[in-house]
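Undergrad: I'd like to ask some things about the structure below.
The values are calculated or read from the model by the stated rules, or taken from the named source; none is laboratory data. Note that the structure is a prediction, hence the values are computed from the model and not measured. Note that each Cβ is placed from the backbone with ideal geometry, even for glycine, and that neighbours are counted across all protein chains shown.
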Amino acid sequence: MTQYAMVIDLQKCCGCGACAIACKTENNTQNRQDGQSFNWAGFLYEEEGLFPNVMHTTRPVLCNHCTDAPCVGACPVEALFKTPDGITMINHERCIGDRACQRECPYSKENVEIGEWSVLSFNEPKKDTHPFYRDRSEIIAAGTASGAEVAKQAKSIPPHRNRYGHPDYSDARRAGVVEKCIFCDHRVKKGEMPYCVVSCPSGGRIFGDIKDPKSEPAILLTKYKAAVLKPEEGTSPNVFYIRSFKVQG
């Protein structure tokens, strides 16, 4: 059986944010109305030590695609499910937005309302997921077009919309549902890598089948001791961290 996983090499990750921008670009995710970035790829910033011996680590985070995913069992309508190749998938036609999955996910239940870890995000019902591109207000009065005018000219909301097809989720974000990283399954099905992997300038993200001993992720997990987030939860995450890079400041 295939088990897709992602290995993140922290010695190569410089915290540039290219992965988060790539995720937003690929999946047309929106800006949150409170002005904070809305991504399925986020970051944990870890600091340790006392001045002047302080160490800082940037840790990219995403859905862990757990082998024993609590969110799957919590969903009352089976909108969340495991695919044969190990991806934790969500079907938006079935999702009723009750957020039970968020409450059970060990990686987001502590921050359900703010989605701090970007693991499971909830799109509020009856709220536009791209309000900027329906707003007719000029950004600079008599100086620029409005978001609505740009969208009209592009004939798309958002204007930069990346169009793709998938049986379980849409390329356009929708209100009233829970969303998350899906390992860019629409790309993987075509033999392509998740867009965050392609876009990492340092090659810090490695994706593939860890059940295949010849795959790069499997080789790296054999070579290096790997860590996962919250191993005590027993969910068997399929996002692994190897090595480390700590900035002293």
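Undergrad: Check E26 against each of (1) over 15 Å from C184 (Cα atoms); (2) in a helix (DSSP H, G or I) and name the one condition it does not meet.
TA: Failed condition: (1).
Undergrad: Next question, about the same structure. May I ask you to verify whether S199 is modelled with pLDDT of 90 or more, touching a strand residue (DSSP E or B) at 6+ places or on another chain (Cβ under 7 Å) and not charged (D, E, K, R)? Quick ask: steps written out before the conclusion?
TA: Working: modelled with pLDDT of 90 or more: yes; touching a strand residue (DSSP E or B) at 6+ places or on another chain (Cβ under 7 Å): no; not charged (D, E, K, R): yes.
No: the conditions fail for S199.
Undergrad: I would also like to ask the following. For the range 75-106, how many residues meet the condition of being outside any loop (DSSP other than H, G, I, E, B), at pLDDT 95 or above and surrounded by fewer than 17 Cβ atoms within 10 Å (Cβ to Cβ)? Spell out how you get there, then give the answer.
TA: Applying the first criterion (outside any loop (DSSP other than H, G, I, E, B)) to the range 75-106 yields 80-82, 88-90, 100-104.
Subset that is at pLDDT 95 or above: 80-82, 88-90.
Within this subset, residues satisfying the condition of being surrounded by fewer than 17 Cβ atoms within 10 Å (Cβ to Cβ) are 81-82.
Of the residues in that region, 2 qualify.
Undergrad: All but one of (1) on the phi < 0 side of the Ramachandran plot; (2) among the acidic types (D, E); (3) in a loop (DSSP other than H, G, I, E, B) hold for E46; which doesn't?
TA: (3)
Undergrad: I would also like to ask the following. Could you list all residues from the range 191-228 that are part of a helix (DSSP H, G or I) and more than 21 Å from the chain's Cα centre (by Cα)?
TA: Restricting attention to the range 191-228, the residues satisfying the condition of being part of a helix (DSSP H, G or I) are 195-199, 216-223.
If the condition is that a residue be part of a helix (DSSP H, G or I) and more than 21 Å from the chain's Cα centre (by Cα), then E216, A218, I219, L220, L221, T222, K223 are the ones that fit.
Undergrad: Taking the residues in the range 117-144 that are free of Cβ contacts under 8 Å to residues at least 12 places away in the same chain and among the polar types (S, T, N, Q) as candidates, determine which candidate is farthest from I96 (Cα to Cα). I'd like the intermediate steps shown before the answer.
TA: We begin by selecting, within the range 117-144, every residue free of Cβ contacts under 8 Å to residues at least 12 places away in the same chain; these are 137-144.
Remaining after also requiring among the polar types (S, T, N, Q): 137, 144.
Values: S137: 33, T144: 39 Å.
My answer is T144.
Undergrad: Scan the range 167-175 and tell me whether some residue there is of a type in the set (G, A, S) and in contact with a helix residue (DSSP H, G or I) (Cβ under 9 Å, 6 or more places away or on another chain). Give the steps one after another, and end with the answer.
TA: Initial filter on the range 167-175 (of a type in the set (G, A, S)): 170, 172, 175.
In the following step, the residues that additionally are in contact with a helix residue (DSSP H, G or I) (Cβ under 9 Å, 6 or more places away or on another chain) were identified as none.
Looking for residues that are of a type in the set (G, A, S) and in contact with a helix residue (DSSP H, G or I) (Cβ under 9 Å, 6 or more places away or on another chain), one finds none in the range 167-175, hence no.
Undergrad: Moving on to the next point. In the range 115-169, which residue that is among the basic types (K, R) and assigned to a helix (DSSP H, G or I) is nearest to F183 (Cα to Cα)?
TA: To start, the set of residues in the range 115-169 that are among the basic types (K, R) comprises 126-127, 134, 136, 152, 155, 161, 163.
Next, from what is left, pick out any that are assigned to a helix (DSSP H, G or I): 134, 152.
Working: R134: 29, K152: 31 Å.
Filtering the range 115-169 for residues that are among the basic types (K, R) and assigned to a helix (DSSP H, G or I), the one nearest to F183 (Cα to Cα) comes out as R134.
Undergrad: For the list (1) of a type outside the set (G, A, S); (2) touching a strand residue (DSSP E or B) at 6+ places or on another chain (Cβ under 8 Å); (3) on the phi > 0 side of the Ramachandran plot, I need the number of the one condition that D85 fails.
TA: (3)
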